[in-house]
């Protein structure tokens with residue numbers, strides 16, 4: 001009997017399908033992230049996966065010596081810069097390996113240590129937030145890769161309803177890190193697939 005995939009696993013696989021769909025000659029092409037190529041996006045997600053895996057292992061007391069993982073955010077940035085210059089095969093291989101290992105680490109931590117608090121670039125968060133952050137990262141950047149794939153990449157049906165709350169929460173967190181911290185702000189979230197607008 002086949003095991004049912006978690007939504008995190010579904011999002012990861014959907015993202016990796018987008019990565020695999022990028023033609024070999026289009027890794028320096030356009031994406032929906034202004035100024036970023038597919039190589040930038042894939043390096044960003046892969047090194048983010050590596051950093052989150054390292055932070056989860058630290059938080060759960062797992063030994064990560066001998067693993068090729070970032071030691072901190074600055075090391076992640078260095079790895080990102082280095083990975084963007086690699087060939088398509090290396091980018092794809094790194095994307096698959098990093099995503100699969102990180103999702104396995106998240107799933108295990110959620111099952112065995114769900115109350116674990118993890119240090120992430122914007123603060124300390126519980127495992128359910130870590131899981132949501134990676135899930136959203138896969139869906140958002142999988143969508144960002146659509147122009148490079150040359151084909152439509154419809155998002156999973158469940159994603160918009162599931163992620164809207166996370167997006168609104170994240171806008172508030174990002175505002176805390178902005179130069180406008182402390183000033184009143186409102187955020188307008190527009191639907192691009194129908195009618196509707198949300199203000200947070």
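The values are calculated or read from the model by the stated rules, or taken from the named source; none is laboratory data. This one's a predicted model, so the numbers in the text were calculated from it and none came from an experiment. No Cβ is skipped: glycine too gets one built from the backbone with ideal geometry, and neighbour counts run over all protein chains shown.
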Open item on the list: Return the residues of the stretch 53-87 that are surrounded by 18 or more Cβ atoms within 10 Å (Cβ to Cβ), in a helix (DSSP H, G or I) and touching a helix residue (DSSP H, G or I) at 6+ places or on another chain (Cβ under 6 Å); say none if nothing qualifies.
Closed with: 53, 56, 76, 79, 80, 83, 84
Open item on the list: For the stretch 30-43, which positions are over 12 Å from residue 88 (Cα atoms) and in contact with a helix residue (DSSP H, G or I) (Cβ under 6 Å, 6 or more places away or on another chain)?
Closed with: 30, 31, 32, 33, 41
TODO: Would you be able to say whether some residue in the stretch 19-41 is assigned to a helix (DSSP H, G or I), within 12 Å of the chain's Cα centre (by Cα) and either surrounded by fewer than 15 Cβ atoms within 10 Å (Cβ to Cβ) or in the same structural domain as residue 106 (by TED's automatic domain parsing) (or both)?
DONE: yes
Task: residue 93, sole failed condition from (1) touching a helix residue (DSSP H, G or I) at 6+ places or on another chain (Cβ under 9 Å); (2) in a helix (DSSP H, G or I); (3) free of Cβ contacts under 8 Å to residues at least 40 places away in the same chain; (4) over 14 Å from residue 8 (Cα atoms) - done: (1)
- [ ] Considering every residue within the stretch 154-173, establish whether at least one is out of contact with any helix residue (DSSP H, G or I) (no Cβ under 9 Å at 6 or more places or on another chain), under 30 Å from residue 26 (Cβ atoms), part of a helix (DSSP H, G or I) and at pLDDT 70 or above.
- [x] yes
Task: Filtered residues of the stretch 88-117 (kept if within 16 Å of the chain's Cα centre (by Cα) and crowded, with 17+ Cβ neighbours inside 10 Å) - done: 91, 92, 94, 95, 98, 99, 102, 103, 105, 106
TODO: Being modelled with pLDDT under 95 and over 23 Å from residue 35 (Cα atoms) is the filter here, so list the residues in the stretch 69-107 that pass it.
DONE: 71, 72
Open item on the list: Looking at the stretch 144-153 only, could you name the residues that are within 23 Å of residue 6 (Cα to Cα), outside any helix (DSSP H, G or I) and at pLDDT 90 or above?
Closed with: 145
